[in-house]
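Undergrad: Okay, handing you the structure first.
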Amino acid sequence: MAYGKDVDIEQNSPVDRYSDDKPLPIDTEATTGVPGESFEVGNSLYAKLQRAVGKYGVEQRGIERVPEDERTDSSLVKVGTMWLAANMVVSSFSIGALGVTVFQLGFVDALLTVLFINLLGITPVCFFSTFGPRYGLRQMVLSRYFFGYYAVKVVAFFNILACVGWSAVNVIVGAQLLNAVNSDVPGYAGIIIIAACTFIITLFGYKVVHMYEMYSWIPCFIVFLIVLGEFAHSGAFQNLAMHSGSAEAGSVLSFAASVYGFATGWTSYAADYTVYQPANVSRTKTFFWTWLGLIFPLCFTEMLGVAIATATVGAEDNPYIVGYGTSGIGGLLAAVLFPPLGRFGQFCLVILALSIIGNNCPNIYSLTFSLQIMGRWTQVVPRFLWTFVGTLVYCAIAIPGYSHFESVLENFMLLIGYWLAIYEGISLTEHFVFAKRTYDITAFNTPSRLPPGIASLLAFGFGILGAVMGMAQVWFLGPIGRKIGLPGYGGDIGFILAFAFSTISYTILRTFEKRTFGR
């Protein structure tokens with residue numbers, strides 16, 4: 001397939017825009033971000049830095065398109081293990097535990113919520129993963145076709161907040177686990193240890209991230225199996241009864257919002273981890289391997305979290321209640337592992353703490369592309385330098401947050417998670433209704449050949465309105481969300497309304513925009 005063709009991803013066939021005997025000229029600005037210069041031969045500081053780090057195997061490419069002849073990573077197994085490792089972590093375990101500890105659900109209803117909402121939440125991630133091989137574009141660059149060249153910067157800004165914020169929240173959880181094992185390891189030390197390991201992996205880029213994730217899930221899975229075995233042997237499991245009525249409806253919806261937000265949170269990164277796959281790779285196989293890599297760890301860890309959280313219901317002197325009340329998820333896992341396993345149980349907890357590295361690698365690697373999409377000046381900063389900057393920023397948030405505003409930070413992250421439903425509403429509508437599932441790959445860096453972005457910005461605003469009306473958070477109840485469930489608690493349908501409002505409004509607005517501008 002020659003550079004300079006469109007690809008119809010539904011048919012896996014090239015759509016000619018340029019003849020093969022007249023290939024497109026090399027666009028060095030699109031390749032390096034530096035007008036008129038390629039980092040292979042240029043003399044700018046940017047080019048010199050790129051060549052210097054390239055000698056050590058550091059990925060040099062940022063948001064530039066990956067040409068077809070460089071898409072040589074033919075292992076679809078690595079696509080699956082990428083997401084397997086990113087979700088076989090203590091963070092997803094803690095999401096499952098919320099079903100009992102926060103939303104007071106029964107065992108069966110919590111499990112059913114985990115299953116069906118994860119099936120829904122991962123579908124956009126799997127779908128957009130198929131775009132990487134077809135176009136060789138990162139997810140945020142691909143989003144220019146949905147939002148326009150300039151409006152996509154709003155999307156990138158929200159993605160930056162998500163990447164940095166969740167990295168900070170995750171690293172705090174990991175540091176707390178390390179501190180629970182050894183109180184001589186202060187919070188800031190645990191944060192630095194986990195962040196430094198994450199930085200080293202993401203510094204080298206795509207190949208090293210995939211290599212690490214290919215194996216890092218194995219020790220975590222073994223530890224979770226040990227947790228499962230020890231908990232089953234303890235006899236502390238309780239088959240909590242399912243409730244009914246408005247209280248149950250509100251709790252299920254609110255828990256579903258948390259599960260959905262975590263599962264679909266990878267959507268804005270999806271294509272980043274398949275851009276080096278061959279252009280002719282099967283779209284169905286890419287979808288399937290991504291699906292398998294997501295559904296298994298999410299359901300396994302979250303359902304395990306639900307099961308173990310049932311032990312927190314009962315007498316106040318229950319060791320699981322004491323552990324959870326004292327140290328949160330770390331204390332709950334310690335109550336499972338420490339009494340029967342002693343020092344080995346502590347070692348297991350350290351493994352789970354280090355699982356945060358696998359969870360944060362996608363956050364920090366994809367952060368760099370969102371930063372580069374913000375403007376020309378951010379694009380001329382090499383990807384590996386943005387990795388360092390991003391690491392410093394989330395550490396600067398996490399270290400004071402460890403003991404002062406962790407709960408505030410986590411609530412904020414839950415709030416901005418609504419934007420993903422808006423992103424999906426607009427991008428899927430553009431793809432299926434207006435773009436007709438075909439894109440001109442030569443237009444990704446040309447504003448005048450992309451959607452103007454007016455419709456997407458306005459629809460984004462309507463999506464925010466829908467989220468506000470339907471949300472049910474500890475600190476705010478939307479006018480619709482408060483009408484579901486118990487008074488004062490409500491039921492969270494913010495994701496549903498955000499998707500609906502953005503989809504409907506974008507369909508109407510984009511129709512007029514396309515008639516007016518013709519693109």
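The values are calculated or read from the model by the stated rules, or taken from the named source; none is laboratory data. Please read these numbers as outputs of a predicted model, since none were measured by experiment. Backbone-built Cβ (ideal geometry, glycine too); neighbour counts: all protein chains shown. We work out accessible area using only protein heavy atoms, side chains counted, and drop any ligands, DNA or RNA first. Shrake-Rupley method; radii C 1.70, N 1.55, O 1.52, S 1.80 Å.
Undergrad: In the range 226-384, if every C-alpha pair distance is counted and binned at 5 Å from zero, what percent goes to each bin?
TA: 1, 7, 11, 15, 15, 14, 12, 10, 7, 5, 3, 1
Undergrad: Once fully extended, how much extra length lies between residue 318 and residue 347, figured as 0.36 nm per residue of separation less the alpha-carbon to alpha-carbon distance? List each step's numbers first, then the result.
TA: On the way: separation 29, 0.36 × 29 = 10.44 nm, distance 2.36 nm.
So the chain would gain 8.1 nm between residue 318 and residue 347.
Undergrad: Place +1 on the Cβ of every Lys and Arg and -1 on the Cβ of every Asp and Glu in the range 400-519, take the dipole about the Cα centre, and give the residue among 495, 438, 516 whose Cα lies farthest towards its positive end.
TA: Most positive-ward Cα: 516.
Undergrad: While we're here: To the nearest 20 debye, what charge dipole does the chain have about its Cα centre, counting +1 at the Cβ of each Lys and Arg and -1 at the Cβ of each Asp and Glu?
TA: Approximately 1000 debye in magnitude.
Undergrad: Assuming a viscosity of 0.890 mPa s and a temperature of 25 °C, what translational diffusion coefficient in µm² per second does Stokes-Einstein assign to the range 234-281, Rh being the Kirkwood radius over Cα pairs?
TA: Here the translational diffusion coefficient equals 167 µm²/s.
Undergrad: Got a sec? Charge dipole of the chain, +1 on Cβ for Lys and Arg, -1 for Asp and Glu; which of 298, 112, 261 is way out at the positive end?
TA: After comparing all options, I get 261.
Undergrad: Would you work out which of 175, 379, 76 lies farthest towards the positive end of the dipole of the chain? Charges go on Cβ: Lys and Arg +1, Asp and Glu -1.
TA: Checking the options against the dipole of the chain, the answer is 379.
Undergrad: Equivalent-ellipsoid semi-axes (√(5λ), Cα gyration tensor) for the range 50-188, whole Å, largest first?
TA: They are 33, 23, 17 Å, listed largest first.
Undergrad: I would also like to ask the following. Residues with beta-carbon under 14 Å from that of residue 103, excluding residue 103: net charge, scoring Lys, Arg +1 and Asp, Glu -1?
TA: Taking every Cβ under 14 Å from that of residue 103, the sum is -4.
Undergrad: Can you tell me which of 95-101, 120-126 comes out highest on packing, and rank the rest after it, using the mean Cβ neighbours within 10 Å? All intermediate terms of the calculation are to be shown ahead of the outcome.
TA: Values: 95-101: 25.0, 120-126: 21.7.
Taking the mean over residues of other Cβ atoms within 10 Å, the ranking is 95-101, 120-126.
Undergrad: Right, next: Would you tally the net charge around residue 252, using a Cβ to Cβ cut-off of less than 13 Å, leaving residue 252 out, and scoring K and R as +1, D and E as -1?
TA: That sum, taken over residues with Cβ under 13 Å, equals -3.
Undergrad: Given a cut-off of under 8 Å on Cα pairs at least six residues apart, what relative contact order in percent is computed for the chain?
TA: Details: 930 pairs, mean separation 139.8, N = 519.
In percent, rounded to a whole number, it is 27.
Undergrad: If you don't mind, there's one more thing I want to ask. Considering the Cα trace of the range 169-220, what is its radius of gyration and what is Dmax, both in angstroms?
TA: Cα radius of gyration and Dmax of the range 169-220 are 12.5, 36 Å respectively.
Undergrad: Something else: To one decimal place, what Kirkwood hydrodynamic radius in Å is obtained for the range 284-341 from all pairs of distinct Cα atoms?
TA: The answer is 13.0 Å.
Undergrad: What does the accessible area per residue of the chain come to in Å², with a 1.4 Å probe and no ligands, DNA or RNA counted?
TA: Per residue, the chain has 39 Å² of solvent-accessible surface.
Undergrad: What is the Cα coordinate range of the range 184-267 on the first, second and third principal axes, sorted by size from largest, in whole angstrom?
TA: Cα spread of the range 184-267 along its principal axes, largest to smallest: 52, 36, 29 Å.
Undergrad: What 222 nm value per residue comes from the helices of the chain, counting each DSSP H run with n ≥ 4 as -39,500 (n - 2.57) and dividing by all residues, nearest 500 deg cm²/dmol? Could you put the intermediate results ahead of the total?
TA: Working: 22 runs with 336 residues, N = 519.
Computed mean residue ellipticity for the chain: -21500 deg cm²/dmol.
Undergrad: Given a Förster radius of 56 Å and the C-beta distance between residue 120 and residue 43 as r, what FRET efficiency does 1/(1 + (r/R0)^6) yield to the nearest 0.05?
TA: Details: r = 52 Å, r/R0 = 0.92.
Working from the Cβ atoms, E equals 0.60.
Undergrad: Leaving ligands, DNA and RNA out of it, work out the accessible area of residue 61 with a 1.4 Å probe and give it in Å² to the nearest 10.
TA: Ignoring ligands and nucleic acids, residue 61 comes out at about 30 Å².
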